[in-house]
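> The structure that follows is given in the form of structure tokens.
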Protein chains: 2
Amino acid sequence: MNNNAFRNLSYGVYIISTWDNGRATGCTANSAMQITSDPATIAISINHNNYTNKCIEESGNFAISILGENSDPSIIGTFGFQSGKDINKFDSVNYEIKGNMPIVMEGCAYLTCKVINKMETDTHTVFLGKVLDADILSEDSPMTYSYYHKVIKGKSPKNAPTYIAENTPVEKKSEKYVCSVCGYVYEGDNPFEELPDEYTCPICKQPKKAFKKQ
Amino acid sequence: MNNNAFRNLSYGVYIISTWDNGRATGCTANSAMQITSDPATIAISINHNNYTNKCIEESGNFAISILGENSDPSIIGTFGFQSGKDINKFDSVNYEIKGNMPIVMEGCAYLTCKVINKMETDTHTVFLGKVLDADILSEDSPMTYSYYHKVIKGKSPKNAPTYIAENTPVEKKSEKYVCSVCGYVYEGDNPFEELPDEYTCPICKQPKKAFKKQ
């Protein structure tokens with residue numbers, strides 16, 4: 001099997017949000033797709049180890065905030081490389097309650113869903129949601145997984161369905177600095193060593209010392 | 001609910017293939033996503049009215065041929081706007097048997113899968129497939145649904161999960177010629193009326209007379 005073939009599947013970049021006993025929480029995801037058109041239903045795939053999985057299970061609802069190409073990439077890190085069990089992820093983003101669900105307002109659109117079915121796998125739950133509400137938030141183009149990977153140089157969290165596929169090396173470049181937490185590869189104009197000590201990873205906000213030379 | 005919000009979900013364009021008692025058949029789809037990474041599993045959504053649904057159910061296997069931006073768009077029409085019950089769709093494409101499954105060789109990659117679970121909805125079946133084999137076929141970039149919609153000007157078949165979303169008009173243009181079968185909008189340099197009688201829709205191969213002025 002050639003794992004690079006998986007890279008040819010196309011995805012968007014989403015924040016899946018839900019409630020944890022009245023507290024907004026969620027995680028980054030790229031596995032979301034429409035299943036039926038009438039009534040509109042959507043499927044998402046969430047790892048059992050994601051705290052969001054337990055919260056969707058208990059609350060019976062989830063929302064999808066669709067990120068745009070101009071969304072701040074740190075949102076992906078905030079929701080993708082930390083656990084909602086430990087911190088209030090929504091404290092660091094601009095959000096509003098739409099259709100009783102917490103929505104990241106920096107995205108280009110959102111959908112709110114009620115869980116109507118689910119399918120278990122060894123590692124992930126596929127939640128099937130009936131869409132209750134949906135709206136556009138901006139004219140920004142939707143961020144694709146490919147855009148995130150190629151332009152923003154981001155990686156997938158370990159719990160993502162696409163983790164293995166994305167982390168299979170395709171080509172080796174000499175001497176690059178990689179964030180050890182989220183996998184972001186520094187490609188700025190200035191040499192990495194000359195960056196100020198206050199430099200932080202634009203994706204997951206880890207300090208400069210979290211970068212390793214490869 | 002604003003149906004245009006659904007357009008912000010990102011997809012690829014795929015040919016889902018399977019066997020019908022030893023005869024290769026399949027359909028066009030954009031709803032395919034990775035569910036877990038280890039073991040690699042993929043979910044697809046297929047309408048109950050698609051002949052491919054019954055054939056996947058009976059054979060227990062399906063394959064995903066991932067189309068590229070340079071794939072001939074008529075493949076989408078061949079597999080999307082006709083029924084495999086009536087014709088041998090694979091007769092009009094270049095295909096090979098890979099991992100015991102029929103694969104469209106003009107795509108950029110493929111995956112072969114064994115059905116391990118499924119979830120029924122009112123109109124579609126979500127098949128969960130364990131990936132048995134996967135490989136790259138070309139260096140072509142994967143065709144996204146957005147590319148198909150914006151660049152090739154294609155539409156979704158009525159059985160697609162995205163059908164309503166895509167066919168909600170966003171803007172009206174004066175006097176355009178639209179294929180009444182597949183929805184392709186003619187936007188060539190020459191006036192439509194002056195095209196030769198032999199002109200056929202590049203998507204679904206219908207004759208010139210199938211086009212209606214709107």
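The values are calculated or read from the model by the stated rules, or taken from the named source; none is laboratory data. Remember, predicted model here, so these are calculated numbers, not experimental data. Because the Cβ atoms are built from the backbone with ideal geometry, glycine has one as well, and the counts that use them run over all protein chains shown. These area figures cover heavy atoms from the full protein model, side chains too; ligands, DNA and RNA do not enter into them. Shrake-Rupley method; radii C 1.70, N 1.55, O 1.52, S 1.80 Å.
> When the residues of segment A:186-214 are narrowed to those that are within 22 Å of the chain's Cα centre (by Cα) and at pLDDT below 85, which ends up surrounded by the fewest Cβ atoms within 10 Å (Cβ to Cβ)?
Across segment A:186-214, the extreme among qualifying residues is A:E187.
> Search segment A:119-131 for residues being more than 8 Å from chain B (Cβ to nearest Cβ) and open to solvent by 30 Å² or more (accessible area, probe 1.4 Å), and hand back the single one that is nearest to A:N61 (Cα to Cα).
A:K130
> If a residue has to be in contact with a Pro (Cβ under 6 Å, 6 or more places away or on another chain) and either part of a helix (DSSP H, G or I) or not assigned by TED's automatic domain parsing to the domain that holds A:G80 (or both) to count, how many in segment A:106-149 make the cut?
Residues in segment A:106-149 being in contact with a Pro (Cβ under 6 Å, 6 or more places away or on another chain) and either part of a helix (DSSP H, G or I) or not assigned by TED's automatic domain parsing to the domain that holds A:G80 (or both): 0 in total.
> I'd like the full set of residues that are open to solvent by 50 Å² or more (accessible area, probe 1.4 Å) and of a type outside the set (S, T, N, Q), limited to segment A:74-92.
Across segment A:74-92, the qualifying residues are A:K85, A:D86, A:I87, A:D91.
> Taking the residues in segment A:20-60 that are more than 17 Å from the chain's Cα centre (by Cα) and closer than 24 Å to A:M143 by Cα as candidates, determine which candidate is modelled with the lowest pLDDT.
Here the residue is A:S37.
> Among the listed residues A:A24, A:A32, A:A40, identify the single one that is within 25 Å of A:Q82 (Cβ to Cβ), hydrophobic (A, V, I, L, M, F, W, C) and within 9 Å of chain B (Cβ to nearest Cβ).
Unique residue meeting the criteria: A:A32.
> Which of (1) within 14 Å of another protein chain (Cβ to nearest Cβ); (2) out of contact with any strand residue (DSSP E or B) (no Cβ under 6 Å at 6 or more places or on another chain); (3) surrounded by fewer than 22 Cβ atoms within 10 Å (Cβ to Cβ) does A:S71 not meet, given it meets every other one?
Condition not satisfied by A:S71: (3).
> Considering A:T18, A:T36, A:T52, which residue is assigned by TED's automatic domain parsing to the domain that holds A:M119, closer than 22 Å to B:T125 by Cα and in contact with an Asp or Glu (Cβ under 9 Å, 6 or more places away or on another chain)?
Values: A:T18 fails: closer than 22 Å to B:T125 by Cα; A:T52 fails: closer than 22 Å to B:T125 by Cα.
After applying the criteria, what remains is A:T36.
> What are the residues in segment B:132-157 that are modelled with pLDDT of 95 or more and open to solvent by less than 30 Å² (accessible area, probe 1.4 Å), if any?
B:A134
> Moving on. Say we look at segment B:93-117 and pick out the residues that are open to solvent by 40 Å² or more (accessible area, probe 1.4 Å) and in contact (Cβ under 8 Å) with a residue 60 or more places away in the chain; which of these is nearest to the other protein chains (Cβ to nearest Cβ)?
The extreme case among them is B:I116.
> Would you be able to say whether some residue in segment B:159-178 is without any contact (Cβ under 8 Å) to a residue 40 or more places away in the chain and in contact with a Pro (Cβ under 9 Å, 6 or more places away or on another chain)?
yes
> Are any residues in segment A:13-34 closer than 14 Å to B:I35 by Cα and touching a residue at least 60 places away in the same chain (Cβ under 8 Å), and if so, which ones?
Result: A:A29, A:N30, A:S31.
> Give all pairs with beta carbons closer than 8 Å in which a residue from segment A:184-201 that is free of Cβ contacts under 8 Å to residues at least 12 places away in the same chain meets a residue that is part of a loop (DSSP other than H, G, I, E, B); count only pairs at least 6 apart in sequence or on separate chains.
A:G188/A:L195; A:T200/A:Q206
> Here's a follow-up. Within segment A:161-182, is there a residue that is within 14 Å of chain B (Cβ to nearest Cβ), out of contact with any Cys (no Cβ under 9 Å at 6 or more places or on another chain) and closer than 30 Å to B:M1 by Cβ?
Yes - at least one qualifying residue is present in segment A:161-182.
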